[in-house]
Amino acid sequence: MRLISTKVLQPGMVIGRTIWNEAGRPLLHEGVVASNQIAGRLLQLNVQYVYINDEISHDINIVEAVPLHIRRKAVDKITESFKMLKNQKNADLTYCLDQQSKHFGCIIEQLLESIVNSEEMITVLSDAFIYDEYIYQHSLQVAIYSIAIAREMKYTSDEIRQIGIGAMLHDVGKMLIPLEILNKPGRLTNEEYDTMKLHAKYGFDLLRNLHTISLLSAHCAFQHHERLDGSGYPRGLIDFEIHPYAKIIAVADVFDAVTSNRVYRKKMLPSHGMEIIKQGIGTLYDEKVVKAFQKCIAIYPNGTVVLLSDGRRGIVSKQNHKSTDKPWVRIFEEDGEILPATYECCLEDEPAAYIHQVEVEYLVHNE
(Lines give C-alpha, C1' and ligand atoms only; values in the text may rest on other atoms or scores of the structure.)
Protein backbone atom coordinates (compact mmCIF):
# COMPACT_ATOMS: atom_id res chain seq x y z
CA MET A 1 0.00 0.00 0.00
CA ARG A 2 1.04 3.57 -0.67
CA LEU A 3 -0.24 6.74 0.99
CA ILE A 4 -1.17 9.59 -1.35
CA SER A 5 -2.95 12.90 -1.13
CA THR A 6 -6.55 12.64 -2.30
CA LYS A 7 -5.79 15.64 -4.53
CA VAL A 8 -3.68 13.41 -6.80
CA LEU A 9 -5.98 10.37 -6.76
CA GLN A 10 -6.50 9.48 -10.40
CA PRO A 11 -8.96 7.30 -12.31
CA GLY A 12 -7.71 3.71 -12.46
CA MET A 13 -5.88 3.77 -9.11
CA VAL A 14 -6.94 0.95 -6.78
CA ILE A 15 -8.06 1.87 -3.24
CA GLY A 16 -5.88 -0.02 -0.75
CA ARG A 17 -7.81 0.47 2.47
CA THR A 18 -11.52 0.63 3.25
CA ILE A 19 -12.84 3.98 4.50
CA TRP A 20 -15.72 3.76 6.98
CA ASN A 21 -18.44 6.28 7.72
CA GLU A 22 -19.81 7.31 11.10
CA ALA A 23 -22.49 4.62 11.04
CA GLY A 24 -19.82 1.91 10.74
CA ARG A 25 -20.60 1.16 7.11
CA PRO A 26 -18.01 1.11 4.31
CA LEU A 27 -17.92 4.44 2.53
CA LEU A 28 -15.37 3.15 0.03
CA HIS A 29 -14.23 -0.47 -0.18
CA GLU A 30 -10.67 -1.69 -0.50
CA GLY A 31 -10.07 -2.83 -4.08
CA VAL A 32 -12.42 -0.29 -5.69
CA VAL A 33 -10.99 1.36 -8.80
CA ALA A 34 -10.97 5.14 -8.39
CA SER A 35 -12.83 7.50 -10.71
CA ASN A 36 -13.08 11.29 -10.92
CA GLN A 37 -16.43 11.05 -9.15
CA ILE A 38 -14.93 9.07 -6.26
CA ALA A 39 -12.00 11.48 -5.91
CA GLY A 40 -14.36 14.45 -5.91
CA ARG A 41 -16.60 12.90 -3.28
CA LEU A 42 -13.66 12.12 -0.98
CA LEU A 43 -12.42 15.71 -1.22
CA GLN A 44 -15.94 16.92 -0.49
CA LEU A 45 -15.91 14.79 2.67
CA ASN A 46 -12.54 16.30 3.64
CA VAL A 47 -10.68 12.98 3.25
CA GLN A 48 -7.16 14.26 2.72
CA TYR A 49 -5.23 11.01 2.27
CA VAL A 50 -5.99 7.56 0.89
CA TYR A 51 -4.02 4.36 0.55
CA ILE A 52 -3.71 2.82 -2.90
CA ASN A 53 -2.38 -0.54 -4.05
CA ASP A 54 0.17 -0.57 -6.84
CA GLU A 55 3.10 -2.60 -8.09
CA ILE A 56 5.92 -0.83 -6.25
CA SER A 57 4.09 -1.07 -2.90
CA HIS A 58 2.33 -4.40 -3.44
CA ASP A 59 3.36 -6.10 -0.17
CA ILE A 60 3.74 -3.08 2.11
CA ASN A 61 1.11 -3.46 4.83
CA ILE A 62 -0.27 -1.27 7.59
CA VAL A 63 -0.47 -3.28 10.82
CA GLU A 64 -2.19 -1.53 13.69
CA ALA A 65 -1.13 -1.84 17.32
CA VAL A 66 -4.81 -1.23 18.06
CA PRO A 67 -6.88 -3.01 15.37
CA LEU A 68 -9.33 -0.91 13.40
CA HIS A 69 -12.41 -2.80 14.65
CA ILE A 70 -11.44 -2.07 18.27
CA ARG A 71 -10.94 1.62 17.46
CA ARG A 72 -14.30 1.80 15.74
CA LYS A 73 -16.16 0.13 18.62
CA ALA A 74 -14.41 2.42 21.08
CA VAL A 75 -15.31 5.59 19.18
CA ASP A 76 -18.90 4.38 18.86
CA LYS A 77 -19.13 3.88 22.63
CA ILE A 78 -17.45 7.24 23.37
CA THR A 79 -19.85 8.92 20.92
CA GLU A 80 -22.88 7.27 22.53
CA SER A 81 -21.76 8.19 26.05
CA PHE A 82 -20.79 11.79 25.26
CA LYS A 83 -24.04 12.42 23.38
CA MET A 84 -25.94 11.08 26.38
CA LEU A 85 -24.01 13.49 28.60
CA LYS A 86 -24.71 16.37 26.24
CA ASN A 87 -28.44 15.84 26.67
CA GLN A 88 -28.33 16.04 30.46
CA LYS A 89 -28.99 19.08 32.59
CA ASN A 90 -26.02 20.20 34.68
CA ALA A 91 -27.43 18.67 37.86
CA ASP A 92 -27.69 15.23 36.23
CA LEU A 93 -24.32 15.26 34.46
CA THR A 94 -22.30 13.84 37.35
CA TYR A 95 -24.74 10.98 37.92
CA CYS A 96 -24.83 10.14 34.20
CA LEU A 97 -21.02 10.28 33.96
CA ASP A 98 -20.73 7.95 36.94
CA GLN A 99 -23.02 5.48 35.16
CA GLN A 100 -21.02 5.69 31.92
CA SER A 101 -17.62 5.32 33.59
CA LYS A 102 -17.71 1.51 33.50
CA HIS A 103 -17.89 1.70 29.70
CA PHE A 104 -14.83 3.95 29.62
CA GLY A 105 -13.00 1.49 31.88
CA CYS A 106 -13.77 -1.39 29.49
CA ILE A 107 -12.45 0.64 26.54
CA ILE A 108 -9.20 1.39 28.37
CA GLU A 109 -8.76 -2.31 29.21
CA GLN A 110 -9.13 -3.25 25.53
CA LEU A 111 -6.70 -0.56 24.41
CA LEU A 112 -4.16 -1.51 27.06
CA GLU A 113 -4.37 -5.19 26.13
CA SER A 114 -3.93 -4.41 22.43
CA ILE A 115 -0.93 -2.15 22.97
CA VAL A 116 0.78 -4.43 25.49
CA ASN A 117 0.37 -7.50 23.27
CA SER A 118 1.50 -5.80 20.06
CA GLU A 119 5.02 -5.24 18.83
CA GLU A 120 3.78 -2.63 16.34
CA MET A 121 4.28 1.08 16.79
CA ILE A 122 1.23 3.31 16.96
CA THR A 123 0.21 4.42 13.47
CA VAL A 124 -1.68 7.62 12.87
CA LEU A 125 -4.82 6.65 10.97
CA SER A 126 -5.17 8.55 7.73
CA ASP A 127 -8.91 9.04 7.33
CA ALA A 128 -9.66 5.35 7.82
CA PHE A 129 -12.98 6.23 9.34
CA ILE A 130 -14.91 9.46 9.28
CA TYR A 131 -16.78 11.05 12.17
CA ASP A 132 -18.74 14.27 11.94
CA GLU A 133 -17.65 15.50 15.36
CA TYR A 134 -13.95 15.73 16.11
CA ILE A 135 -14.15 15.35 19.90
CA TYR A 136 -15.14 11.65 19.86
CA GLN A 137 -12.30 10.37 17.72
CA HIS A 138 -9.90 12.81 19.43
CA SER A 139 -10.77 11.37 22.86
CA LEU A 140 -9.87 7.88 21.66
CA GLN A 141 -6.67 8.90 19.88
CA VAL A 142 -5.39 10.83 22.91
CA ALA A 143 -6.11 7.80 25.10
CA ILE A 144 -4.19 5.50 22.72
CA TYR A 145 -1.18 7.83 22.53
CA SER A 146 -1.18 8.40 26.31
CA ILE A 147 -1.34 4.68 27.09
CA ALA A 148 1.53 4.01 24.66
CA ILE A 149 3.65 6.78 26.21
CA ALA A 150 2.92 5.62 29.76
CA ARG A 151 3.83 2.05 28.87
CA GLU A 152 7.11 3.23 27.29
CA MET A 153 7.84 5.19 30.49
CA LYS A 154 7.37 1.99 32.56
CA TYR A 155 4.29 3.03 34.51
CA THR A 156 2.43 0.19 36.23
CA SER A 157 -0.77 -1.23 34.76
CA ASP A 158 -2.89 0.52 37.40
CA GLU A 159 -1.17 3.84 36.69
CA ILE A 160 -1.65 3.37 32.94
CA ARG A 161 -5.38 2.75 33.52
CA GLN A 162 -5.65 6.02 35.45
CA ILE A 163 -3.78 7.86 32.70
CA GLY A 164 -5.94 6.22 30.04
CA ILE A 165 -9.21 7.22 31.75
CA GLY A 166 -7.90 10.74 32.31
CA ALA A 167 -6.89 10.94 28.64
CA MET A 168 -10.22 9.63 27.37
CA LEU A 169 -12.14 12.14 29.49
CA HIS A 170 -9.70 15.06 29.25
CA ASP A 171 -12.14 17.07 27.11
CA VAL A 172 -15.37 16.08 28.84
CA GLY A 173 -15.76 19.67 30.02
CA LYS A 174 -16.40 20.67 26.41
CA MET A 175 -19.89 19.22 26.85
CA LEU A 176 -20.61 22.47 28.71
CA ILE A 177 -19.13 24.79 26.05
CA PRO A 178 -21.64 26.33 23.58
CA LEU A 179 -21.62 24.53 20.21
CA GLU A 180 -21.26 27.78 18.29
CA ILE A 181 -17.86 28.24 19.95
CA LEU A 182 -16.78 24.58 19.71
CA ASN A 183 -17.59 24.37 16.01
CA LYS A 184 -16.67 27.89 14.92
CA PRO A 185 -14.70 27.62 11.64
CA GLY A 186 -12.79 30.89 12.07
CA ARG A 187 -10.57 32.32 14.77
CA LEU A 188 -12.18 32.71 18.19
CA THR A 189 -12.55 36.18 19.67
CA ASN A 190 -10.75 36.81 22.97
CA GLU A 191 -14.04 36.42 24.80
CA GLU A 192 -14.86 33.16 23.02
CA TYR A 193 -11.36 31.82 23.73
CA ASP A 194 -11.78 32.64 27.42
CA THR A 195 -15.01 30.63 27.38
CA MET A 196 -13.32 27.74 25.58
CA LYS A 197 -10.55 27.63 28.18
CA LEU A 198 -13.14 26.98 30.88
CA HIS A 199 -13.54 23.39 29.63
CA ALA A 200 -10.49 22.30 31.68
CA LYS A 201 -12.09 23.46 34.95
CA TYR A 202 -15.51 22.21 33.91
CA GLY A 203 -14.04 18.77 33.24
CA PHE A 204 -12.29 18.69 36.62
CA ASP A 205 -15.46 19.73 38.43
CA LEU A 206 -17.42 16.98 36.70
CA LEU A 207 -14.87 14.25 37.40
CA ARG A 208 -13.52 15.02 40.86
CA ASN A 209 -16.67 13.96 42.72
CA LEU A 210 -17.16 10.66 40.89
CA HIS A 211 -16.83 7.48 42.93
CA THR A 212 -15.71 5.46 39.92
CA ILE A 213 -12.88 7.68 38.66
CA SER A 214 -9.73 8.59 40.60
CA LEU A 215 -8.89 12.17 41.53
CA LEU A 216 -5.65 11.80 39.54
CA SER A 217 -7.67 11.10 36.38
CA ALA A 218 -9.72 14.21 37.15
CA HIS A 219 -6.52 16.26 37.38
CA CYS A 220 -5.66 15.11 33.84
CA ALA A 221 -8.71 17.03 32.62
CA PHE A 222 -7.76 20.01 34.79
CA GLN A 223 -4.11 20.28 33.77
CA HIS A 224 -3.78 19.00 30.17
CA HIS A 225 -3.42 22.59 28.86
CA GLU A 226 -0.80 23.62 31.44
CA ARG A 227 2.73 24.15 30.09
CA LEU A 228 6.16 23.90 31.70
CA ASP A 229 6.92 27.62 31.33
CA GLY A 230 3.65 28.72 32.91
CA SER A 231 2.06 29.83 29.62
CA GLY A 232 -0.79 27.31 29.83
CA TYR A 233 -4.21 27.43 31.45
CA PRO A 234 -6.36 27.47 33.54
CA ARG A 235 -3.92 28.20 36.41
CA GLY A 236 -0.62 28.97 34.68
CA LEU A 237 1.19 26.17 36.52
CA ILE A 238 4.90 25.60 35.93
CA ASP A 239 6.95 22.43 35.52
CA PHE A 240 7.01 20.84 38.99
CA GLU A 241 3.43 21.95 39.73
CA ILE A 242 2.00 19.93 36.83
CA HIS A 243 1.14 16.29 37.52
CA PRO A 244 3.23 13.81 35.46
CA TYR A 245 0.04 12.27 34.04
CA ALA A 246 -1.06 15.65 32.69
CA LYS A 247 2.35 16.15 31.07
CA ILE A 248 1.78 12.93 29.10
CA ILE A 249 -1.73 13.91 28.01
CA ALA A 250 -0.54 17.39 27.01
CA VAL A 251 1.79 15.88 24.40
CA ALA A 252 -0.78 13.34 23.17
CA ASP A 253 -3.48 16.04 22.97
CA VAL A 254 -1.44 18.49 20.89
CA PHE A 255 -0.08 15.80 18.59
CA ASP A 256 -3.54 14.50 17.78
CA ALA A 257 -4.89 18.04 17.39
CA VAL A 258 -2.34 18.98 14.73
CA THR A 259 -2.55 15.64 12.89
CA SER A 260 -6.37 15.73 12.67
CA ASN A 261 -8.74 17.71 10.49
CA ARG A 262 -10.25 20.67 12.32
CA VAL A 263 -12.96 23.08 11.29
CA TYR A 264 -10.35 25.84 11.03
CA ARG A 265 -7.40 24.04 9.39
CA LYS A 266 -6.16 20.93 7.59
CA LYS A 267 -4.28 18.13 9.33
CA MET A 268 -0.49 17.83 9.38
CA LEU A 269 1.42 14.67 8.57
CA PRO A 270 2.77 12.78 11.62
CA SER A 271 6.36 13.87 10.89
CA HIS A 272 5.31 17.53 10.90
CA GLY A 273 3.26 17.04 14.06
CA MET A 274 6.26 15.52 15.82
CA GLU A 275 8.42 18.47 14.80
CA ILE A 276 5.88 20.83 16.41
CA ILE A 277 6.09 18.82 19.63
CA LYS A 278 9.91 18.66 19.59
CA GLN A 279 10.14 22.42 19.19
CA GLY A 280 8.37 22.76 22.54
CA ILE A 281 10.68 20.48 24.55
CA GLY A 282 11.74 22.12 27.79
CA THR A 283 9.43 25.14 27.44
CA LEU A 284 6.03 23.57 26.78
CA TYR A 285 6.50 19.81 27.00
CA ASP A 286 8.46 17.43 29.20
CA GLU A 287 11.52 16.02 27.40
CA LYS A 288 11.13 12.51 28.86
CA VAL A 289 7.54 12.34 27.66
CA VAL A 290 8.43 13.48 24.14
CA LYS A 291 11.31 11.00 23.89
CA ALA A 292 9.02 8.19 25.01
CA PHE A 293 6.43 9.24 22.44
CA GLN A 294 9.03 9.23 19.66
CA LYS A 295 9.82 5.60 20.48
CA CYS A 296 6.25 4.35 20.14
CA ILE A 297 4.79 6.40 17.28
CA ALA A 298 5.29 5.74 13.57
CA ILE A 299 6.55 9.18 12.52
CA TYR A 300 6.76 7.97 8.92
CA PRO A 301 3.93 5.41 8.54
CA ASN A 302 4.36 2.42 6.26
CA GLY A 303 3.38 3.33 2.71
CA THR A 304 4.69 6.90 2.91
CA VAL A 305 6.69 8.11 -0.11
CA VAL A 306 9.86 9.90 1.02
CA LEU A 307 12.62 11.85 -0.69
CA LEU A 308 16.03 11.10 0.83
CA SER A 309 18.82 13.61 1.31
CA ASP A 310 20.87 11.94 -1.44
CA GLY A 311 18.09 12.33 -4.01
CA ARG A 312 16.73 8.78 -3.90
CA ARG A 313 13.00 8.20 -3.56
CA GLY A 314 11.35 5.32 -1.79
CA ILE A 315 8.38 4.08 0.19
CA VAL A 316 8.58 3.41 3.93
CA SER A 317 8.21 -0.37 4.06
CA LYS A 318 8.87 -1.23 7.71
CA GLN A 319 9.36 0.54 11.00
CA ASN A 320 12.66 0.62 12.86
CA HIS A 321 12.00 0.25 16.60
CA LYS A 322 15.53 1.38 17.47
CA SER A 323 15.16 4.70 15.68
CA THR A 324 11.72 5.76 14.45
CA ASP A 325 13.07 8.52 12.21
CA LYS A 326 15.22 5.99 10.33
CA PRO A 327 12.79 3.36 9.03
CA TRP A 328 13.22 0.75 6.32
CA VAL A 329 12.65 2.24 2.87
CA ARG A 330 11.96 0.53 -0.45
CA ILE A 331 13.96 2.52 -3.00
CA PHE A 332 12.26 2.78 -6.40
CA GLU A 333 13.93 5.84 -7.95
CA GLU A 334 17.52 7.05 -8.27
CA ASP A 335 18.80 10.07 -10.19
CA GLY A 336 15.26 10.82 -11.35
CA GLU A 337 14.91 7.39 -12.98
CA ILE A 338 12.55 4.59 -11.96
CA LEU A 339 14.61 1.51 -11.15
CA PRO A 340 13.91 -1.74 -13.03
CA ALA A 341 13.87 -3.46 -9.61
CA THR A 342 13.34 -1.96 -6.16
CA TYR A 343 15.56 -2.67 -3.18
CA GLU A 344 15.21 -2.26 0.59
CA CYS A 345 17.49 -0.33 2.92
CA CYS A 346 17.37 0.64 6.58
CA LEU A 347 18.32 4.28 7.06
CA GLU A 348 20.01 3.42 10.35
CA ASP A 349 22.62 1.57 8.28
CA GLU A 350 23.15 4.55 5.97
CA PRO A 351 24.40 7.45 8.16
CA ALA A 352 24.78 9.79 5.18
CA ALA A 353 21.11 9.45 4.15
CA TYR A 354 18.09 10.82 5.97
CA ILE A 355 14.49 11.64 5.10
CA HIS A 356 14.48 15.08 3.51
CA GLN A 357 10.73 15.33 2.98
CA VAL A 358 7.49 13.38 2.74
CA GLU A 359 5.90 13.40 -0.72
CA VAL A 360 2.22 12.46 -0.54
CA GLU A 361 1.54 14.26 -3.84
CA TYR A 362 4.32 12.50 -5.75
CA LEU A 363 3.21 10.48 -8.77
CA VAL A 364 5.33 7.68 -10.21
CA HIS A 365 6.20 8.40 -13.84
CA ASN A 366 3.77 5.88 -15.29
CA GLU A 367 0.78 7.14 -13.29
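The values are calculated or read from the model by the stated rules, or taken from the named source; none is laboratory data. Quantities reported herein were computed from a predicted structural model and do not represent experimental measurements. Positions of Cβ are generated from backbone atoms using ideal geometry, with glycine treated the same way; all protein chains shown enter the neighbour counts. To get the accessible areas, we keep the full protein, side chains included, count just its heavy atoms, and leave off ligands, DNA and RNA. Shrake-Rupley method; radii C 1.70, N 1.55, O 1.52, S 1.80 Å.
Worth pointing out:
- Mean ellipticity per residue at 222 nm, deg cm²/dmol - from DSSP H runs of n ≥ 4 across the chain, formula -39500 (n - 2.57): -13000 deg cm²/dmol
- With each label modelled as a point 7 angstrom along the Cα→C-beta vector, the residue 350-residue 84 pair spans 5.3 nm.
- Carbon + sulfur, % of accessible area of the chain - ligands and nucleic acids excluded, 1.4 Å: 50 percent
- Rg to Rh, two decimals, where the chain supplies the alpha carbon set and Rh follows Kirkwood: 0.98
- Exceeding the 29 Å Cα-Cα cut-off - candidates 201/295; 83/295; 7/326; 267/291: 201/295; 83/295
- Per residue accessible area in Å² of the chain, where ligands, DNA and RNA are left out and the probe is 1.4 Å: 46 Å²
- The label point for residue 211 and the one for residue 180, both projected 7 Å from the Cα toward the Cβ, are 4.0 nm apart.
- Hydrodynamic radius of the stretch 250-367 per Kirkwood, over alpha carbon pairs, in Å: 15.4 Å
- Each 5 Å bin from zero holds the following percent of Cα-Cα pairs in the stretch 115-229: 2, 11, 17, 20, 19, 16, 10, 4, 1, 0.
- Difference of contour (0.36 nm per residue) and Cα-Cα distance, residue 35 to residue 291: 87.9 nm
- FRET efficiency for the pair residue 189 and residue 238, taken as 1/(1 + (r/R0)^6) with r the Cβ-Cβ distance and R0 = 25 Å, rounds to 0.35.
- Centre separation in Å (Cα based) which lies between the stretch 43-61 and the stretch 269-325: 20 Å
- Projected area averaged over orientations for the stretch 208-297, convex hull of C-alpha atoms, nm²: 6.8 nm²
- Measuring r between the beta carbons of residue 334 and residue 119 and using R0 = 35 Å, the FRET efficiency lands at 0.65.
- Distance histogram for the stretch 318-366 (every C-alpha pair counted, 5 angstrom bins, percent rounded to whole numbers): 5, 17, 25, 27, 17, 7, 1, 0
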